[in-house]
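See structure below.
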Amino acid sequence: MRKLLFFIILTLAFSCSKFYENYELLDITEIETELPIINIGVNCDEFNEMTSQVDEEIEIKGQFSMFRNGVLVIENEKVELEVKGGFSTRFSLKTLGVKFENKYDNSDRSLINPNKILPHHNLDKIKAIRLRNSGNDFVKTMIKDLSLTQLAINAELNLDLTYGEPVLVYINNEFHGLLNLRTEANSNGMAGLNGVKKDAVTLAKITTHKLIKKDGDFDRIDAFLEAINVENLKYLKDEIDIDNFIDYIIFQTYISNTDWPHNNARFYAIGQEKFRFVLFDLDGALRLRLSKTPLNIIEDKRFPNILTDLFFIFYAEENFKNAFWNRYNSILESRIISYNNFKSIVDANIAQIELEIQLQIGKHQAPSTIIEWNIELDKMLTLFQYREQVVYELVE
Amino acid sequence: MKKRHFLFFFIFTAFEVIAQPDRTIFLNSGFSFNNNLQLNAAKVTNSKGYVLTYGGSLTVFSVKEKYLSIGIAGKTIFASGVRNAEKFNVVTLRLVFPLKMVFPLTEKWLVSPGFNFQNNIDLNDPDFRLGYKNLWRLDYSVGMKYLIKNQWFMTTKVKLNLQNIPDVFFFNDPKFALLVGIEKSFFKDTKNNL
């Protein structure tokens, strides 16, 4: 009896799926990859200290080089590196923030070259990028955030967001990992997208426990927060880009992003222009609360937050309510956000990294095997398909 | 309203546990398999598994010699198959909550139809939370028990899942299973002994 109990407890302790298929670690120098390759030269000791003490916010200096199709397109640009992210810093492969000493001239698209750029965005000057481990999706698909963001871009919604693509990253000529090169969602990123200097940006971020005023006119942020607090709708109307706000809420609720709105939310303004919201870090989508209505998703009773409050101040007004649902319906009718569109994006991203993911498996065991990767991809697509049906039924 | 009935049922059955402290431990093993499985748009062939379940159950309600039992069990599945010409092997653990009625047919033979609730995704997966779509699955089961001696039984079971769950959730725990095993019952109240 005791042995049986011991056996049960032992098995419960190893409760994850384990795959025993062996895949060889391919030699990186022999890969004929179509992915861009980034090599960052750093002091090894400093790099190890930075990646092992993630709470210390250590910044180190490095030299950034990049290859596209085997051609050196960026050579030894001076950069500062820092580990970024929250929960995902626990993974063996960290997200790295890369800040160029001087703004990088990306007019030739050598640094970042997305398939499509929204008409109101500019990627000619890049101050900083992020080499992202796909956040909580790191041990799963590696492409959820990337694919959902591409879906938003292809839908041409009135959004400010990030642009990214998968890359192979080397540190001091040694393979480090498969990461997603992505523009920043911070003041540097928004300044770049809008073609202005960082000084012109006022930005605040909403995290799980607090609102952080990051840059710019803090008095204006305070006044904005006070208007939410006292439900001053007239003031808020003057301060917010309503069309952007509606599209932002629609997209986040459509994909059922449950690591939002209490977290992963930012709003910013250029000079005295209206506040707009930034879409980023979508790896919390398509996991939980997939049967919930869009309003349930925004409600987010777990963590009180100003974004929920802001929405329901507006939603109490009939004009806004009508505009919100009319826009939701028109997006659904247009089918610009649909399973088919999402699947074609995902398929393209899979094709891009299906060879390189084996290196990730070899080095980081994340995901554990190709089969496990396919299971996670299948789950992501299945849950998108389910969510699409739910949203159509609920909204219509 | 349904939730309230459910709660009353469990309070009621909890009192019955005190009155009817019959316990059973069991160990089953067998094979499981799928038909027409697809994973990420590619067909999976030869999808099968070797299954081992181990756990215990309590009698929570009895009328004459018929009784209802609920239990908890670990279920280890050694699944394998071929996808895109790649052979895979995977070991998975599931936590199972069996609920079954047991009817005696003769002095030695009993039949036990029931249900098995079990998790559909790994216990250590960050997505293992209430609210996850397809978090649970419900398998139907029918079993036969044969009394060998001294409350030791030999058992056979057939399990299947008829839910409309995406293929991906049957990948490492196939939907059909045939099991044989042994079971030991413990009785405090000897009048119910078989």
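The figures follow:
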read-out: Stokes-Einstein D (µm²/s) once Rh is taken as the Kirkwood radius of the protein assembly as shown over alpha-carbon pairs, at 20 °C in 1.002 mPa s; value: 80 µm²/s
read-out: Area accessible to solvent at A:Ser92, 1.4 Å probe radius, in Å²; value: 80 Å²
read-out: Chain-alone versus full-assembly comparison, segment B:163-177, residues with accessible loss of at least 10 Å² (1.4 Å probe); value: B:Pro166, B:Val168, B:Phe169, B:Phe171, B:Asn172
read-out: Surrounding net charge for A:Thr162, when Lys and Arg each add one and Asp and Glu each subtract one, Cβ distance under 15 Å; value: +3
read-out: Segment A:151-284: relative contact order as a whole-number percent, Cα under 8 Å and 6+ apart; value: 27 percent
read-out: Carbon and sulfur %, accessible surface of segment A:144-194 computed with the full protein complex present, 1.4 Å; value: 34 percent
read-out: Segment A:160-299: C-alpha gyration tensor shape, a/c 1.5 cut-off, then a/b vs b/c; value: oblate
read-out: In the A-B interface, the accessible area buried, summed over both sides, Å² (probe 1.4 Å); value: 3100 Å²
read-out: Accessible area expressed per residue, chain B, with surrounding protein chains retained (probe 1.4 Å, Å²); value: 52 Å²
read-out: Computed accessible area, A:Thr183, all protein chains, 1.4 angstrom probe, square angstrom; value: 10 Å²
read-out: Portion, in percent, of the accessible area of chain B that falls on carbon or sulfur, probe 1.4 Å; value: 66 percent
read-out: Contact order relative to length of chain B, as percent, for alpha carbon pairs under 8 angstrom and 6 or more apart; value: 23 percent
read-out: Cut-off 11 Å between beta-carbons: net charge of the residues surrounding A:Ala191, Lys and Arg +1, Asp and Glu -1; value: +2
read-out: GNM flexibility winner over chain A from A:Asn264, A:Asn69, A:Asn113 (Cα, springs under 10 Å); value: A:Asn69
read-out: Where chain A is the region considered: accessible area per residue in Å², 1.4 Å probe; value: 43 Å²
read-out: Reachable lysines from B:Lys133, criterion Cα separation under 16 angstrom, eight or more residues apart if same chain; value: A:Lys292, A:Lys379
read-out: Rounded to the nearest 10 Å², the accessible area of A:His120 at probe 1.4 Å; value: 80 Å²
read-out: Cross-link partners of A:Lys144 among aspartates and glutamates (Cα-Cα below 13 Å; sequence separation of 8 or more within a chain); value: A:Glu165, A:Asp281, A:Asp283, A:Asp347, A:Glu376, A:Asp378
read-out: Net charge of Cβ neighbours under 11 Å - reference A:Met66; Lys, Arg +1; Asp, Glu -1; value: -1
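The values are calculated or read from the model by the stated rules, or taken from the named source; none is laboratory data. Computed from a prediction, not measured in an experiment: that's the story for all the values here. Reconstructed Cβ throughout: ideal geometry from the backbone, glycine too, with neighbour counts over all protein chains shown. We work out accessible area using only protein heavy atoms, side chains counted, and drop any ligands, DNA or RNA first. Shrake-Rupley method; radii C 1.70, N 1.55, O 1.52, S 1.80 Å.
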